[in-house]
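A.B. asks: Take this structure first; my questions come after.
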Amino acid sequence: VRAFDAAAIRRDFPILSEHVHGKRLIWLDNAATTQKPRAVIERLDRYYEHENSNIHRAAHALAARSTDAYEAAREKVRRFLGAGSVEEIVFVRGATEAINLVAQAWGGRNIRAGDEIVVSWLEHHANIVPWQQLCARTGAKLKVAPVDDHGQVILEEYERLFTDRTRIASFTQVSNALGTVTPAAEMVAIAHRHGALALVDGAQAVSHMPVDVQVLGCDFYVFSGHKVFGPTGIGVLYGRKDVLDVMPPWQGGGNMIADVTFEKTVYQPAPSRFEAGTGNIADAVGLGAAIDYLDGIGMANIAAWEHELLGYASAGLLSIPGLRLIGTAAEKAGVLSFVIDGCPPIEIGKALDREGIAVRAGHHCAQPILRRFGVEATVRPSLALYNTREDIDALVDVLRRNHGARRTI
Ligand code: PMP
């Protein structure tokens, strides 16, 4: 096995040469967003310099180029997710929009008063609020699967929530607040056993591990391009073909219609039916370039490297007096969340920033799970393929120094 060369990978990411406050930038805020390799930045340039056009609608050379580039990106996403068909890949703005699309379009048709929707305690607000809104509109009920003291979903408790009124379970594959990797395939199978669909939120999974929607068996899978080294403003909804085929459209407009008269509109099949208006063509193409970049390295290699780094970082952090790691599940990816006795997380975040180290400090848009552990905020370093042991050493070193002189933070 070729050794994982994080130092070489770093050179592919121009922003990692930045200095902030006179210090080398150490980017440990990957759960919020990831940095972009030169291959993605250059692909966006190439698109705007040589290919830019609206897609599908015009019979000229650039329309053909942009359409080809956009549809090639869809095929790359299909392969990246292990989906059976490009018709199952809908481009959206991000994970948030994908979940709202499902809650509104699928939910609008399939959820009635008294129906039930299951989520887990680990969810990002993006996988809570759209379902709450759907429940408020329809009179359906939201049920929440609890986690154990390590921050892992308790499968038996999750299964106990299902009744013959449960229509869908929607849960994360990796928690953005704790890093827990949930038993997603089992959770999908349990939902199916009870006649419910399953949506898996892959926003925090796709940059850390190989994903195969057919192995997961899920009906929907969502992620955001910007968390997987692609541009902002582009994301993906995967929907199983037979589910999308009978799902009503979400927004109406151009692109998504087969025929319009003032009496009646006939819609396109998926995925066009769910892509009303001019989409984010350039950034879809950029996302395709990010996927090519990851293919060149191999998601399994990335997962192995990050696993090692996560172990190294956990041990380093636990050597700091008074530090409490929140989220200690056996299966974790990418994220470390902690508090230190007597130090407000925001102050720790500022102290790290002064040393060039970017982490998130706050509630991470996942307030219920932090409150489950009795805190309102944590400090959250989060990893990506370009992080190194040196990055972790710098983090631990600053924490140790500041913690030694706690009054100054
Ligand atoms: N789900 C999870 C688990 C996330 O971490 C995030 C982003 N923090 C989202 C959904 C929402 O993603 P976006 O803001 O890119 O739509």
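A.B. asks: Which whole-number percent is the relative contact order of segment 101-206 (Cα, under 8 Å, 6+ apart)?
C.D. replies: 27 percent
A.B. asks: Can you tell me the 0 to 90 degree angle between the C-alpha axis of helix 299-318 and the longest principal axis of the chain, rounded to 10?
C.D. replies: The answer is roughly 40 degrees.
A.B. asks: I'd like the accessible area for THR278, computed on protein heavy atoms only with a 1.4 Å probe and all protein chains in place. Round to 10 Å², please.
C.D. replies: Answer for THR278: close to 80 Å² accessible.
A.B. asks: What accessible area per residue comes out for the chain, rounded to a whole number of Å², with a 1.4 Å probe?
C.D. replies: Result: 41 Å² per residue.
A.B. asks: Taking only Cα atoms and a 10 Å spring cutoff, compute GNM fluctuations for the chain and point out the largest among ILE111, ILE15, ILE281.
C.D. replies: Sorting by GNM fluctuation, first place goes to ILE15.
A.B. asks: Shifting gears a bit: Go through TRP131, TRP121, TRP305 and list them by solvent-accessible area, largest first, probe radius 1.4 Å.
C.D. replies: Heavy-atom accessible area, descending, gives TRP121, TRP305, TRP131.
A.B. asks: Could you pull out the pairs from LYS36/LYS332; LYS141/LYS332; LYS76/LYS227; LYS23/LYS332 whose alpha carbons sit more than 26 Å apart here?
C.D. replies: Beyond 26 Å between Cα atoms: LYS141/LYS332; LYS23/LYS332.
A.B. asks: Given an 8 Å cut-off on Cα distances and at least 6 residues of separation, report the relative contact order of the chain as a percent.
C.D. replies: Across the chain, relative contact order equals 22 percent.
A.B. asks: Suppose accessible area is computed on protein heavy atoms with a 1.4 Å probe; arrange ILE117, ILE257, ILE128 from highest to lowest. The partial results should precede the final answer.
C.D. replies: Working: ILE117 0, ILE257 50, ILE128 25 Å².
Reading off the accessible areas and sorting them downward yields ILE257, ILE128, ILE117.
A.B. asks: Compare PHE80, PHE223 by solvent-accessible area with a 1.4 Å probe and give them largest first, with all protein chains kept in place.
C.D. replies: PHE80, PHE223
A.B. asks: In the full protein assembly as shown, how much of SER314 is accessible to a 1.4 Å probe, in Å² to the nearest 10?
C.D. replies: About 30 Å², rounded to the nearest 10.
A.B. asks: Would you mind computing Rg(Cα) / (2.2 N^0.38 Å) for segment 159-216, counting N as its residues?
C.D. replies: 1.14
A.B. asks: Okay, next question. Please work out whether the chain counts as rounded, prolate or oblate from its C-alpha gyration tensor, where a ≥ b ≥ c are the square roots of the eigenvalues and a/c under 1.5 means rounded, while otherwise a/b larger than b/c means prolate and anything else oblate?
C.D. replies: oblate
A.B. asks: For segment 182-278, what does the alpha-carbon gyration tensor say about shape, rounded, prolate or oblate, given a ≥ b ≥ c as the root eigenvalues, a/c under 1.5 as rounded, and a/b over b/c as prolate?
C.D. replies: On the way: a/c = 3.58, a/b = 1.51, b/c = 2.38.
The shape class here is oblate.
A.B. asks: I would also like to ask the following. Ignoring ligands, DNA and RNA, what percent of the 1.4 Å accessible area of the chain is carbon and sulfur?
C.D. replies: Roughly 52 percent of what the probe reaches on the chain is carbon or sulfur.
A.B. asks: For a quick check, take a GNM of the chain with Cα springs below 10 Å and name the residue from GLY252, GLY239, GLY362 with the largest mean-square fluctuation.
C.D. replies: Maximum among the listed residues: GLY252.
A.B. asks: When the chain is modelled as a GNM with alpha-carbon springs shorter than 10 Å, which of ASN110, ASN280, ASN30 fluctuates the most?
C.D. replies: Among ASN110, ASN280, ASN30, the largest GNM mean-square fluctuation belongs to ASN110.
A.B. asks: Moving to a separate point now. Find, to one decimal place in angstroms, the Kirkwood hydrodynamic radius of segment 60-217, where the mean of 1/r is taken over every pair of different Cα atoms and then inverted.
C.D. replies: Taking the inverse mean of 1/r over all distinct Cα pairs, segment 60-217 comes out at 16.6 Å.
The values are calculated or read from the model by the stated rules, or taken from the named source; none is laboratory data. Predicted model, so just to flag it, every value in this text is computed and none were measured. Just the protein is used for accessible areas: all its heavy atoms, side chains included, with ligands, DNA and RNA removed. Shrake-Rupley method; radii C 1.70, N 1.55, O 1.52, S 1.80 Å.
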